[in-house]
Amino acid sequence: MSAVLEIPRETIPRPRNHYTEPHFLTVEGLPTAYRRKGTGETVVFLHGAGMTRMWLPVYDLLAQRFDVIAPEHPGFGETPLPPWLRGIDDVVLHYHEMFRLLGLSRVHLVGFSLGGWIAAEFAAFYPDLVKSLTLITPIGVRAGVSGPDLFELGPERIWTHLFNQHDKIAEFASEPNLDEISFGYGEAIAIARLAWTPRYNIQLPRRLNRVKAPALIVRAADDRLIPDAIALQYEKLLPDARSVVIPRTGHALIAEEPAATAAAIGDFIGSVRP
């Protein structure tokens with residue numbers, strides 16, 4: 001088995017807000033970080049290409065109603081970057097094994113941005129394990145339009161493209177120091193392995209017909225990073241999908257309006273029949 005590129009935990013910088021110590025589960029040799037809180041039906045929340053190492057307010061609000069598990073993808077947060085990571089399918093297989101180890105049979109699967117792509121692929125490959133599917137400003141399918149290049153924006157411009165409510169950036173952005181820059185570079189490697197080119201899966205639209213679960217597409221009012229047409233394409237392609245728009249938000253709507261986002265997700269999950 002290939003060695004895991006594991007960074008000592010004491011060298012991993014901590015975000016200034018919302019940090020909590022993770023649990024770790026070894027999944028086929030990879031120590032995988034995850035955070036868990038709440039009781040009730042299980043919700044697995046797959047993060048996007050950032051805002052890791054945190055227990056976000058939206059997680060906490062959902063945990064008031066559900067058993068919320070927030071894992072960190074291979075190469076993100078406090079989960080080391082494995083040499084075998086080459087594409088979204090590697091992450092899907094990783095989570096399939098993680099679910100088995102955690103004893104999860106059917107879950108409410110939620111994915112934000114990059115995590116939305118992973119969640120959609122997982123639901124297509126393992127439809128019997130997904131009770132409901134929520135995709136928040138997702139990527140992963142083509143829609144005939146493209147947004148700005150994530151890799152060309154730079155650390156400052158990326159935040160102003162993520163957030164429409166710029167006064168909330170400081171709550172989630174980390175201190176600009178050498179440790180954070182190094183950590184961000186490490187996550188950028190993982191992002192590039194998953195979504196450098198192409199930033200979609202040409203096979204996914206056909207595969208989405210396999211998804212059995214009802215789906216909710218959560219859209220931003222003004223997403224300046226990822227075209228809303230992608231979210232609308234998911235709504236069109238999934239067999240049983242609806243969408244909701246969270247007012248006053250950009251791409252990072254889970255951070256800008258956590259209460260409204262959690263309420264929309266929670267109400268949708270609550271409407272799903274056993």
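Values quoted throughout were computed directly from the atomic coordinates according to the rules given, and no laboratory measurement underlies them. On a predicted model such as this, the values are computed, not experimentally measured, just so you know. Quick reminder, even Gly has a Cβ in these numbers, built from the backbone with ideal geometry, and neighbours come from all protein chains shown.
How high is the relative contact order of the chain? Use alpha-carbon pairs under 8 Å, at least six apart in sequence, and give a whole percent. Worked out over the chain, it gives 21 percent.
Adding -39500 (n - 2.57) for every DSSP H run of four residues or longer, then dividing by how many residues the chain holds, sets the calculated 222 nm ellipticity at -10500 deg cm²/dmol. Within region 85-142, the trypsin sites (Lys or Arg not before Pro) that combine a DSSP coil assignment with at most 12 other C-beta atoms in a 10 angstrom radius are Arg86. Taking 7 Å steps out from each Cα toward its Cβ at Ala263 and Glu97 produces label points 4.2 nm apart. Estimated from the Cβ-Cβ distance and a Förster radius of 45 angstrom, the FRET efficiency linking Ser271 and Asn177 is about 0.50. Once you have a ≥ b ≥ c as the square roots of the Cα gyration tensor eigenvalues for region 38-133, tell me rounded if a/c is under 1.5, and otherwise prolate or oblate according to whether a/b is larger than b/c. Verdict is oblate for region 38-133.
With a/c under 1.5 counting as rounded, go ahead and sort region 187-274 into rounded, prolate or oblate using the C-alpha gyration tensor (a ≥ b ≥ c being the square roots of the eigenvalues; past the cut-off, prolate if a/b is larger than b/c, else oblate).
oblate
Extension gain, Gln64 to Thr160, is 31.5 nm, computed as 0.36 nm per intervening residue step minus the present C-alpha separation. Normalising the average separation of contacting C-alpha pairs (under 8 angstrom, six or more residues apart) by the number of residues puts the relative contact order of region 19-110 at 34 percent. In a fully extended conformation the segment linking Phe24 and Ala229 would gain 70.1 nm over its present Cα-Cα distance, using 0.36 nm per residue.
Membrane-span-like helices in the chain, defined here as complete DSSP H runs extending at least 24 Å along the helix axis by their C-alpha atoms with mean Kyte-Doolittle hydropathy no lower than 0.5, are 178-195; this is a sequence and geometry rule, not a statement about a membrane. By the count of neighbouring beta-carbon atoms within 10 Å, fewest first, Tyr19, Tyr95, Tyr200 end up ordered Tyr19, Tyr200, Tyr95.
For Thr137, Thr20, what's the fewest-to-most ordering of other Cβ within 10 Å of each Cβ? Present the calculation step by step, with values, prior to reporting the outcome.
Working: Thr137 28, Thr20 14.
So the ranking, lowest neighbour count to highest, is Thr20, Thr137.
When the square roots of the Cα gyration tensor eigenvalues are ordered a ≥ b ≥ c, the ratio a/c for the chain is under 1.5, which makes its shape rounded. Among beta bridges from DSSP that stay inside the chain, the antiparallel ones total about 30%. Here the residues Asp128, Asp90, ranked from fewest to most Cβ neighbours within 10 Å of their Cβ, fall in the order Asp128, Asp90. Note on Ile12 and Asp128: the model spin-label points, each 7 Å out from Cα along the C-beta direction, lie 3.4 nm apart.
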